[in-house]
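A short worksheet on the structure shown next.
The values are calculated or read from the model by the stated rules, or taken from the named source; none is laboratory data. Everything numeric in this text was worked out from a predicted model, so none of it was measured. Cβ coordinates were reconstructed from backbone atoms using ideal geometry, including for glycine residues, and neighbour counts include every protein chain displayed.
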Amino acid sequence: MTQETFTFQAEVGKLLNIVARSLYSHKEVFLRELISNGSDACDKLRYAALTDKKMAAIAGETYQIDLTIEKKKKTLTVSDNGIGMSRDDLNELLGTIAKSGTQAFAEQLSGDKDADMSLIGQFGVGFYSAFMVADKVEVRTRRAGEDKSWLWESDGKGTYTIEESDRATCGTDIIMHLSAKEKEFLEPERIRNVVKTYSDHVGVPVNMVNGDDIETLNSASALWVRDKKDITADQYKEFYHHVAHAFDEPWLTMHNSVEGVLSYKSLLFIPTMQPFDLFNPERKANIKLYVNRVFITDDCDELVPSYMRFLRGVIDSEDISLNISREMLQRDPMLAKIRKGVIKRVLGELKKKADKKPEEFATFWASFGPVIKEGLYEDFENRDKILEICRFRTTENDGLSTLADYAERMKDGQDSIYFITGENEESVARSPQLEGFRAKGIEVLLLTDPIDDFWMQSVTEFQEKSFKSVTRAGGDLDSMGKDAKEGGDGADKKDDTPGMDGLVALIKVALGDAVKDVRSSSRLTDSAVCLVADDGDMDMNLERILKQHKQAGFESATPRILELNPKHPLVSKLADAAAESTEANPVIDDAAHMLLDQARILEGESPLDPTAFARRVSQIMEKGLSL
Ligand code: ADP
Ligand code: MG
């Protein structure tokens, strides 16, 4: 077959450019990327050979990666005897950005070097990094089990070619024609150093071939089976980069060996940076499962719960059957046991950090707190343990608080843990709902993750104290705090302000179905009005979130209760007017609508009827100005 020319998918071209420019100060990482791909390819063939007799016959006795230096040709070649690639693979894997992660990456590239560099840090760029050092890259490859081999070739400038080739056995050679200024990668010392630094943990031998000299450069034993005390922090870090395809520092490294009825080793990491797709609903954990050092799968949902999907790393067990299909594997009872062990370990380590290193824990919490909180409704068994590591911002305390801290600070007569939910801390802290609580020094949890509205539905109490939204708790205020009055319930309470009852009645008539009820309330100190949810009605913020996500059934809003502050001058003036006459009054009618719209705006909603709202504002301004 003759040579065919193809054009890179548009994003690839852009990616190649930016990678070459931004990563240049760390250009030696290309070698780590290619070695990592070679080792993945060996893992894949090793697994295929276990489950497929035909593959077993094709696979070599041993696996290895060779780095061949040819000074005269100015080439450095990375070869592996792994699974190889078919012609379709070449087009799909090297010609397009098929992986969703890389696609998202390309979309986020801005062209600004510093910003892109930190993005690259999060994603890793794999194969394309070869173009940082090479003018031309050839990929000679043969897929295990196929009778044809292929040569892919490109200068990384927009097109590539594919033609038939003559590789006798399965595997891949990546031949880099080094550009004139990258001759350093023909020096054995340089190669030795790079491999030691970045790829020592790779489980297959990495050999340097220089003329007749052959030298194995790495330890070639799986890192997780080595003794903890023989592993340096840098080695852990590089391994993390390798398994997680990440470039940040691991925030936490957990290396453990469990012996007993079930034995397994685990080397797990928690990243520092939040991955860009953490909240993608399809996103899964990224743990590689090995059986006796043989890679089985990195797509096993059963290993860790989705509320720990930020975990990266490896679990290796001798007690899982090697020859079972992936479908059977999902039902292996051993997996459930490992999962239990992992959850316990991770929650235990997080608790330790949270108690002993609160500042470090705060960075974890900022990145992954919202994910951990999903466990509050997904993992009933561990709910209490999860609650122990949850941290909260509150109205009365700078920094993060535990629920136990909050409980200790509760006021005499306070039976509930109060919270308010909303989009962000600023808007929540401004809410008029908090005024009464502030006035009495009663602490309120400020919850600003969308997930908070959901777990609050299922976690009803902590240390026998119920959780209560401030939008429903106005009545509690009277019986609590330093200036607590005798008994009574704040809302609906008879007030001293004469005319309040009449005003409430007139406003009710004016607003009709737009509100569920109107009442005088003690929860407000500064604002004239606020909206609250009736007992049993959906919390306002939750309704807003559901509406944003276009959940069926939440298109129209639940009518709310409008509360009036009898101490506010505007309200008391209106009450005076109402006291004079109980007849319908156009001034009160307009005021009723404007008060409702005001309350809605404070909640982050828009006025019910913006045209009418604008008209009323204009009229009032006109009156005010003509005085
Ligand atoms: P990643 O390794 O993160 O998937 P890369 O850009 O490094 O991304 O590689 C893209 C894909 O190309 C790999 O997932 C793999 O399927 C294929 N590939 C790359 N190098 C090899 C190789 N040496 N042998 C077999 N397949 C390879
Ligand atoms: Mg790779």
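Considering the range 372-403 alone, what residues qualify as being acidic (Asp, Glu) and not in a loop (DSSP other than H, G, I, E, B)?
Glu378, Glu381, Asp384, Glu388, listed by residue number.
The rows are residues; the columns are (1) part of a helix (DSSP H, G or I); (2) charged (D, E, K, R); (3) touching a residue at least 24 places away in the same chain (Cβ under 8 Å).
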residue: Ile561; (1), (2), (3): no, no, yes
residue: Asp589; (1), (2), (3): yes, yes, yes
residue: Arg600; (1), (2), (3): yes, yes, yes
residue: Lys623; (1), (2), (3): yes, yes, no
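Here is a yes/no grid of residues against (1) within 16 Å of ligand 2 (Cβ to nearest atom); (2) at pLDDT below 95; (3) of a type in the set (Phe, Trp, Tyr):
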| residue | (1), (2), (3) |
| --- | --- |
| Glu61 | no, yes, no |
| Gln64 | no, no, no |
| Lys74 | no, no, no |
| Leu90 | yes, yes, no |
| Ile97 | yes, yes, no |
| Thr102 | yes, yes, no |
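Filter the range 47-90 down to residues that are polar (S, T, N, Q) and assigned to a loop (DSSP other than H, G, I, E, B) and give me whichever is surrounded by the most Cβ atoms within 10 Å (Cβ to Cβ).
Filtering the range 47-90 for residues polar (S, T, N, Q) gives 51, 62, 64, 68, 75, 77, 79, 81, 86.
Remaining after also requiring assigned to a loop (DSSP other than H, G, I, E, B): 62, 64, 81, 86.
Numbers: Thr62: 9, Gln64: 19, Asn81: 23, Ser86: 19.
Among residues in the range 47-90 that are polar (S, T, N, Q) and assigned to a loop (DSSP other than H, G, I, E, B), the one surrounded by the most Cβ atoms within 10 Å (Cβ to Cβ) is Asn81.
Just for the range 216-227: of the residues that are surrounded by 14 or more Cβ atoms within 10 Å (Cβ to Cβ), outside any helix (DSSP H, G or I) and modelled with pLDDT of 90 or more, which one is farthest from ligand 2 (Cβ to nearest atom)?
It comes out as Arg226.
From the list Ala168, Ala115, which residue is modelled with pLDDT of 90 or more and either surrounded by fewer than 17 Cβ atoms within 10 Å (Cβ to Cβ) or in a loop (DSSP other than H, G, I, E, B) (or both)? Walk me through how you get there before you give the answer.
Numbers: Ala115 fails: modelled with pLDDT of 90 or more.
Checking each option against the conditions leaves just Ala168.
To keep it simple, each residue is scored yes or no on (1) buried (at least 19 other Cβ atoms within 10 Å of the Cβ); (2) at pLDDT 80 or above.
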residue	(1), (2)
Asp489	no, no
Gly499	yes, yes
Leu506	yes, yes
Val509	no, yes
Val518	yes, yes
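Determine whether Ile174 is within 16 Å of ligand 2 (Cβ to nearest atom) and within 39 Å of the chain's Cα centre (by Cα). Reasoning before the result, please.
Numbers: within 16 Å of ligand 2 (Cβ to nearest atom): yes; within 39 Å of the chain's Cα centre (by Cα): yes.
It is true that Ile174 is within 16 Å of ligand 2 (Cβ to nearest atom) and within 39 Å of the chain's Cα centre (by Cα).
Which one is farthest from ligand 2 (Cβ to nearest atom), of the residues in the range 40-59 that are without any contact (Cβ under 8 Å) to a residue 40 or more places away in the chain and among the hydrophobic types (A, V, I, L, M, F, W, C)? Let's see the steps before the verdict.
Pass one, the range 40-59, residues without any contact (Cβ under 8 Å) to a residue 40 or more places away in the chain: 49, 52-53, 56-57.
Cutting the leftovers down to among the hydrophobic types (A, V, I, L, M, F, W, C) gives us 49, 56-57.
Working: Ala49: 21, Ala56: 26, Ala57: 28 Å.
Filtering first and then ranking leaves Ala57.
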